[in-house]
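K.L.:
One structure, as structure tokens, below. Some questions next.
The numbers here are math on the coordinates, done by the rules we state, and not lab data. If you're wondering where the values come from, they're calculated on a predicted model, not measured in any experiment. Backbone-built Cβ (ideal geometry, glycine too); neighbour counts: all protein chains shown.
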Amino acid sequence: MNGRRDNGAEATPSLGAMDQLELGDARRAPPPPRAPEPPPPRRGWLGWLAAGLALGLLAGAALVLLQWREPISQALIPDSELNREIEAAQLALARGELSNADGSGARERFQSVIARDPDHPAARSGLVAVREAALVQARAAVEAGDLASARERVALARSMAAPLSDLQPIEAELALRQGAEADIASRLQQARTAQAAGRIEQVPGGALALYLEVLRIQPDNAIALEGRRSILAGLLAQAEAALDAGDSAAAIALVARVVDADPSHLGLPAVQARLGEVRAGVEQARERTLQAALADLRDGRPEAAATAFQALLAASPDDAEARRGLEDAATALALRASREAADFDFEASEASLARARALAPDLPAVQAAERRLERAHATRAALPETPSDPAAFDDAIAQARAAMRAGDLIDPPGASAWDHLRRAAAIAPDHPQLREAQAEYDRRARACFEDELAGNRLGAAQACLDAMAVRERGGASLAEQRRRLADRWLAFAEERLGASEFALARRALEAARSVDPANPRLEAFAERLRSAGG
């Protein structure tokens with residue numbers, strides 16, 4: 001027996017065979033004695049306490065799992081149907097479909113999620129976004145004039161508890177637009193009635209004015225747009241007819257009305273192109289007339305020049321060159337009146353002065369000529385009744401020489417060298433002493449002019465030039481001296497302009513213009529002075 005136990009791999013089949021052969025003996029034999037088991041360990045009180053705690057924790061965990069098994073499962077495995085609804089709602093919001101009666105709008109989809117899960121955060125924030133979008137769409141609809149859509153969006157925002165501070169400005173503007181919309185229908189009816197009656201003027205009550213009022217409120221109003229187009233097309237047709245008739249002024253006025261009403265009118269470019277050609281021709285004719293008038297002025301024909309300048313102003317009242325030319329012609333006539341008064345030719349002087357006064361009554365040269373004519377009358381009245389009185393002649397010559405030595409060539413009135421020479425000429429116009437005194441007067445006047453001009457005393461030089469001018473009869477012989485003095489005045493004006501002394505520069509310019517109206521530098525400097533703010 002001991003040998004078979006040691007070799008377990010061979011003992012098992014041998015044991016089975018022996019048991020079968022000796023079954024009867026084996027049943028009768030007692031079982032072999034079993035080895036004694038060790039006694040179980042004795043548990044202390046700490047062991048029992050730990051076991052109880054473990055069992056309690058296991059029981060509590062089982063309870064928690066049983067109570068919260070549904071919410072935890074929902075957190076770990078999101079409800080795919082709710083997610084799809086949220087996604088559809090957000091897409092509808094992005095498309096601007098805020099609310100639809102069939103439930104496909106963003107508002108209805110977010111609300112369906114809230115109905116199943118009242119605390120769903122995405123659905124709640126989505127409803128806030130829908131409300132804000134409704135306010136934005138309401139503002140845009142009011143600006144675009146879509147008042148029906150604006151009313152719908154305002155109602156939606158109000159039903160979603162939008163703040164009154166956001167709603168009230170939109171509702172106020174909507175009410176204003178609604179009132180205007182009600183008035184538009186009345187204005188359109190008035191415009192159609194006025195147009196049918198031929199009252200198309202752009203004045204209160206005229207068809208064009210009414211259409212323009214409607215378009216200011218509703219820029220895309222189709223009826224007003226068509227009415228304006230029809231009226232402006234008619235005005236352009238009238239402009240074409242005026243051009244055919246050679247009435248460019250009427251055509252210009254008609255085109256200006258069209259430009260004022262609708263600068264982008266489709267018919268404008270063609271008419272404006274034709275009008276441009278006509279304007280170019282008119283400008284060329286104006287330039288020819290202007291140059292001819294200036295030539296008349298330079299050649300001592302102020303009456304002819306004034307007639308041409310007046311024709312230019314009749315065609316264009318804002319023509320600055322023609323206006324200045326007319327003043328220059330008046331200045332030339334005033335100077336002529338002064339020379340004629342100095343010769344006691346009162347009839348001619350008064351005629352020249354009357355023409356100058358009719359052209360420019362407030363011109364300083366005209367007022368100066370009036371004063372000189374009055375002095376001439378006073379001097380002539382003081383002359384003796386017997387022109388052949390030798391004593392009076394000798395006294396006039398003596399006083400004339402004394403005044404020349406004192407430098408009083410033409411001033412003061414009544415006591416100047418020129419006044420005394422005129423008295424002597426009235427007594428004995430062919431006396432040799434008179435001719436000698438007049439020659440001395442001429443020499444002193446020229447010397448005075450050259451000395452004062454060299455010293456840059458321009459006011460005094462101009463007085464000397466005036467003294468020379470009273471002895472000439474056409475003015476042409478002093479053209480060079482006039483040009484020199486005018487150039488000096490313009491040089492002084494340049495200096496004052498550079499120092500930003502605009503008032504002095506302007507006075508110097510006017511002095512140069514009065515001395516030499518045809519000076520070619522006048523207009524260029526005047527333009528510079530205007531550009532500089534003077």
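K.L.:
Kirkwood Rh and Cα-based Rg: tell me the resulting Rg over Rh for segment 273-379, rounded to two decimals. Walk me through the intermediate numbers first.
P.N.:
Details: Rg = 16.5 Å, Rh = 14.6 Å.
With Rg and the Kirkwood Rh in hand, the quotient comes to 1.13.
K.L.:
Next up: Using Cβ contacts closer than 10 Å as the measure, can you line up 120, 420 from fewest to most?
P.N.:
Ascending number of Cβ neighbours within 10 Å: 120, 420.
K.L.:
Based on Cβ point charges of +1 for Lys and Arg and -1 for Asp and Glu, what charge dipole magnitude is obtained for segment 169-323 about its Cα centre, in debye rounded to the nearest 20? Working shown, then result.
P.N.:
On the way: 15 positive and 22 negative charges, 41 e Å.
That gives a dipole near 200 debye.
K.L.:
Return 448, 464 ranked ascending by Cβ neighbour count within 10 Å, so the fewest neighbours appear first. Walk me through the numbers on the way to the answer.
P.N.:
Values: 448 20, 464 25.
The fewest-first ordering by Cβ neighbours comes to 448, 464.
K.L.:
For segment 446-506, run through the trypsin sites (Lys or Arg not before Pro) and keep only the ones in DSSP coil with at most 16 other Cβ atoms within 10 Å of their Cβ.
P.N.:
Details: sites: 446, 457, 471, 473, 482, 483, 484, 488, 496, 506; in loops: 457, 471, 473.
Answer by residue number: 457, 473.
K.L.:
Taking the dipole about the Cα centre of segment 188-266, with the C-beta of Lys and Arg at +1 and of Asp and Glu at -1, give me whichever of 200, 188, 211 is farthest to the positive side.
P.N.:
188
K.L.:
Among 88, 129, 156, pick out the residue whose Cα is farthest towards the positive end of the charge dipole of segment 77-162, where Lys and Arg carry +1 and Asp and Glu carry -1 on C-beta, about the Cα centre.
P.N.:
156
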